[in-house]
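What follows is a single structure, written as structure tokens, with notes after it.
The values are calculated or read from the model by the stated rules, or taken from the named source; none is laboratory data. This one's a predicted model, so the numbers in the text were calculated from it and none came from an experiment. Cβ coordinates were reconstructed from backbone atoms using ideal geometry, including for glycine residues, and neighbour counts include every protein chain displayed. Surface areas here come from the heavy atoms of the whole protein model, side chains and all, with no ligands, DNA or RNA. Shrake-Rupley method; radii C 1.70, N 1.55, O 1.52, S 1.80 Å.
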Amino acid sequence: SSGINAEYGVEDPDKLFLEAMAELDSEVHKPEILQDDIWDRFVEARRLKVDSELKVKHHSQKIQDLNSYLQRKLEEDDSIKSKIEKTFQHLNELRDRKLKFLMNLEIQLLLKQGQVEVDPGVFSTKFDNALLIHRSVIEDLNSQIVTLGEGKVTAMIDCKDYYKNIHLLEWEHEKMQMEAEDLNTKTRDVQTLRVTKELQVFLFEENNAQRMQKEIQTLEKTIKLNENMHQRKSLDKKRILDRLNRLIKERELECSVLDAELKELAVSLVERQQIQEACVADLVPAADQRMKDIVARRKLVDLAKSQSQEVAVLRAEVERLRMKTFPALVQHN
């Protein structure tokens, strides 16, 4: 350390420290009460202590210098390693590019349309990421796909048959339940059936077919008879309907005549009222005009009431005649 400081022209601090300690070792700094031999031993112990501290300081400084030197060398080593790795990486890239240029050559192959599975582009198909695979690999893969598909189809058919059998059993179970319900219903019907005379005849008679034939003939005759009766009744109803239509037309004519008479009566009533008012105005003197007007008004009111009653009676008669014109179809049993 002292040599390094001397090379750079820097004065060694340890030398200055020792010179200062030598000054302290002089007897000038010795206490008067202290003996010489004790002072000498004290100075010697202090010198030993100072020397040991200086040695420790020198060694620690040396260790620190060595550590910094080691750290610097390690950093240089790391930088060199990174440069070497980059160099090797660049070299590998160059080798790959060389192999690519040597082996990955563009060649023209004639393939069938079904053997190319690359999606065509808008204008031209790009084969940059395409792979050329041997036909045997594709055939093996297709055979495996077909085998797996057949297995899946077989499993689906087995599953379908299994569920079909389940549904068939459920249907048969429901069918048997319904048949059991029908049998129970028939049993209840048989138990609650009343044995009538006709049923006894049907049960105990041997020749039921002949009896049924007779009943069928009887029913056919009854049907024909009912059809004839229906036709006769229809003709009767038509004649009645025609007669009622004629009566309706006659009643409509009578109603129109009555309406015309009613209008004439109303006009005559108004004329009589006007004539009565004119006569009363001409004959009654001025003094008794008020009393006579009251009497005349009373009479006219009574006359109007009577005539209104007559009009109401006439209207009721017209309404009655109109109601008579409507047909009344009575149901005959």
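Structure summary
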read-out: Debye intensity ratio in log₁₀ form over the Cα atoms of region 155-214, taken at each q of 0.15, 0.19, 0.20, 0.26 Å⁻¹; value: -0.69, -0.83, -0.86, -0.98
read-out: In sequence order, calculated HN-Hα J values of region 181-198 (Karplus, 6.51, -1.76, 1.60; Hz; x Gly/Pro); value: 5, 4, 5, 5, 5, 5, 5, 5, 4, 5, 5, 8, 6, 8, 7, 8, 5, 5
read-out: Cα-based shape type of region 36-120, given that a ≥ b ≥ c are square roots of the gyration tensor eigenvalues and the cut on a/c is 1.5; value: prolate
read-out: Cβ-derived FRET efficiency at R0 41 Å, Gln113 paired with Lys160, nearest 0.05; value: 0.65
read-out: Rounded to the nearest 10 Å², the accessible area of Thr147 at probe 1.4 Å; value: 90 Å²
read-out: Computed E for Ile80/Val56 - FRET, C-beta separation, R0 51 angstrom, nearest 0.05; value: 0.90
read-out: Centre separation in Å (Cα based) which lies between region 148-206 and region 222-246; value: 52 Å
read-out: Phe88 accessible area, assembled protein chains, probe 1.4 Å, Å²; value: 120 Å²
read-out: Where GluC sites (Glu not before Pro) fall in DSSP loop in region 193-272, at most 15 other Cβ within 10 Å; value: Glu205, Glu206
read-out: Whole-percent carbon and sulfur share, accessible surface of region 85-169, 1.4 Å; value: 60 percent
read-out: Simple spin-label estimate for Glu174 and Val153 in nanometres, 7 Å along Cα-Cβ; value: 3.2 nm
read-out: Exposure rank, largest accessible area first [Met156, Met103; 1.4 Å]; value: Met103, Met156
read-out: Inter-label distance, nm, simple model (7 Å from Cα along the C-beta direction), Ser143/Glu227; value: 8.2 nm
read-out: Net charge of Cβ neighbours under 14 Å - reference Leu70; Lys, Arg +1; Asp, Glu -1; value: -2
read-out: Sequence of Leu193, Leu247, Leu132 when ordered by accessible area, the most exposed leading, probe 1.4 angstrom; value: Leu132, Leu193, Leu247
